[in-house]
1. Could you bin all the Cα-Cα distances of region A:192-355 into 5 Å bins starting at 0 and give me the percent of pairs in each, rounded to whole numbers?
2. Exposure proxy check: A:475, A:231 ranked by fewest other beta carbons within 10 Å?
3. Under the definition of Cα pairs under 8 Å and six or more residues apart, what whole-number percent is the relative contact order of chain B?
4. Just B:155, B:113, B:43 to compare: in a GNM of chain B, with alpha carbon springs under 10 Å, which one fluctuates most?
5. Please state the shape class of region A:489-535: rounded when a/c is under 1.5, otherwise prolate if a/b exceeds b/c and oblate if not, all from the C-alpha gyration tensor.
6. Give the relative contact order (percent, whole number) for region B:10-84; include only Cα pairs under 8 Å separated by 6+ residues.
7. Can you give the three extents of the C-alpha atoms in region A:2-177 along their principal axes, from longest to shortest, in whole Å?
8. Only counting other Cβ atoms within 10 Å, I'd like A:54, A:403, A:486 sorted with the fewest neighbours first.
């Protein structure tokens, strides 16, 4: 079948299971947009390419599918950069399709020409500049395969306009049929011997701790993690990306670890004699001072990306493989082994928890930001998908949400991208129309992709956007208070903030404002019941801090505010 | 010109990659953004036209090189990475050296070139161009000996290397 390049793009998307794309048109991508139009393909028009990229990312994280974003050349493509890097840092499968100036114009500084291939090399798992229309179908097969296999990540395909217009024979190319010489996304190492060692370490451990990260979500290992924790009586700590892998209300859960983890969770890491890192990468926000991190523990690292092993901390035992597969083999091996319960260890953690509980701030006169999250948690009982921006609200959302399921807490962990909030909420809601999606944001993050309110309004995407509005760039202000002697340099947003209710209504989005604690619950109930997008501007305590906190590079003994 | 002996250990990495337009950017970029210093880099196709061999010399300690190897291995285009041990591999570099040569110095320079098996490839009234082939130490030595005459320009190719095929039994 002879097809135009642009039609091959659409046919390839369909063939690889895509039924929804996000994007923004422009000159060099017009043939693809024309093909989308002719095919009646479902496309969500964002108001900025960055918004489109984050929406595709939120869609991917909520569904486990590969998100697709389309943009034009030059500024359209460069506007994707933050979105691509956000997805790259959190290992999210994404395909970005960009238009490029015609092959004959490449390198001439043509109108809206940017070397997006060169620009995105360090922030994509892989990327392509397709100069030959005959390579297009094969390129899409490779791209989807690379994006979703192994440790997932974003892949960019740059397609010059003349290639989109050229004709070629099209036959679908399956992911399995592509000749990638040595790309081995699922390492086939024999990990039986290592598993035997791990069984022995688990058998001998008196104070074991599981530390689960985003890899557990990606590999669908939630159930295996739960079975392991219960079978071997091992408490479970989470990274930001691992929240929801293990039920937060389970007595074995110690919640989030790291800089803003509960002190008891960090005491547990410090006191453990066996730390099993499962799909986690020892991020500095987790480890603090590396030489003191889990220094009493033997460290086991189960990881699909060999390059992560030994990158930050030396490990005593590394098992390279897909987490779910590894844990399922481990469970089979553990089945006949008699394992001790760890009452004393759990008792110790419970004592720490009693000694250092998470501060549940209360006030009759001012809305405490934590109280907003707690109320959302009470109203949604872990069934809502939460997406966030970056900053204080993100940490409170992580600490006080009711985490019960994987893929229900969507946040930019690695890159820490402000403005991820609204578009990721839109994407998550489109991916999971059956779910209540609540986007928690701050007044800073809200304004960074505020234009996407138009997208939510136009498509009537019923995402509930809750602003913890303290009139500050709160997390930076907190650091200024603690480490820069209260010099609030460029962090006071209050006077410049628009009226968020009026702005939202201007976009066609229903909006409420809450200023008193007594109105909070009823307003949130009203918002959640509203059949469309809603913004709730919660005026919260201005100078509330996120505690506990381990200062950057510190240890559990440096914890502030617990 | 002074030739500094490297203080940190040098490692020669031999990397087989899929041969296409952007592959060198992908590999070289990895080194830059992870903060590994490239001393030299060479690339050329192998016996298979779809496979290129890139030879990179990096400096660093063991741990850094292990990270480099792993990060490299994970690139989609990379087929195989090996770290070549100095005494178990043939390493060669070509240098083209333009050196000032007044008639009274000429024979002295040609004598040095002869010792190092370097060829005279061009001769002007006041200068010579030599080509020298050898390992990095060999090239550094000839450059050092020519320096007093006044080196005008040097072009070095960077190291190409292959592991030895033959095995020599250890001497008791």
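Each reported figure results from applying straightforward, stated rules to the coordinates on display, with no laboratory input. What you see is a predicted model, and the numbers here were worked out from it, not measured in a lab. Note: ideal-geometry Cβ built from the backbone for every residue, glycine included; neighbour counts use all protein chains shown.
1. For region A:192-355, the pair-distance distribution reads 2, 10, 21, 25, 23, 14, 4, 1, 0.
2. Values: A:475 22, A:231 15.
Going from least to most buried by this count: A:231, A:475.
3. On the way: 302 pairs, mean separation 44.3, N = 172.
Computed over chain B, the figure is 26 percent.
4. B:155
5. Values: a/c = 3.08, a/b = 1.45, b/c = 2.13.
Oblate shape, in that a/c is at least 1.5 and b/c is the bigger or equal ratio.
6. Details: 128 pairs, mean separation 35.4, N = 75.
Answer for region B:10-84 is 47 percent.
7. That works out to 37, 34, 27 Å along the principal axes.
8. Working: A:54 34, A:403 24, A:486 9.
So the residues, fewest neighbours to most, are A:486, A:403, A:54.
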